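**Student:** I have a structure here, written as structure tokens, and I will follow up with some questions on it.
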Amino acid sequence: MSDELDSERMAPRRFWLIRRGTRSDADGIVAEGTLWSSGRVALHWPGQPPATTLWGSLDDLLVVHGRDAVAWLDDSDDWRCEHVECVEYDAGAIWIH
């Protein structure tokens with residue numbers, strides 16, 4: 001195994017997980033995450049007590065958190081959704097439905 005990373009790999013990308021508001025609530029940031037070059041995702045919930053969860057892919061995370069969206073903090077065109085027909089892009093966020 002090499003100690004060097006392949007320069008062709010996607011750089012890690014940071015994002016906010018945003019909870020879509022209801023009629024009485026506005027949208028709000030509920031967690032912070034990183035999409036790693038391997039496609040795996042680390043998601044940090046900063047509440048009390050704080051928690052960090054690991055996901056096999058961004059698609060896995062969005063299927064479980066179906067009401068939520070990802071708003072990227074880092075620009076890139078590298079992310080690909082396995083379920084393109086289920087994705088809505090709105091104001092820079094990705095919503096799964």
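**Student:** Does residue 21 satisfy being outside any strand (DSSP E or B) and at pLDDT 65 or above?
**Tutor:** yes
**Student:** Mind checking which residues of the stretch 32-72 are of a type in the set (Gly, Ala, Ser) and touching an Asp or Glu at 6+ places or on another chain (Cβ under 8 Å)?
**Tutor:** 57, 69
**Student:** Filter the stretch 42-94 down to residues that are aromatic (Phe, Trp, Tyr) and modelled with pLDDT under 55, then give me how many there are.
**Tutor:** The number of residues fulfilling the criteria is 2.
The values are calculated or read from the model by the stated rules, or taken from the named source; none is laboratory data. The shown structure was predicted, so the numbers you read here are calculated from the model rather than taken from an experiment. Backbone-built Cβ (ideal geometry, glycine too); neighbour counts: all protein chains shown.
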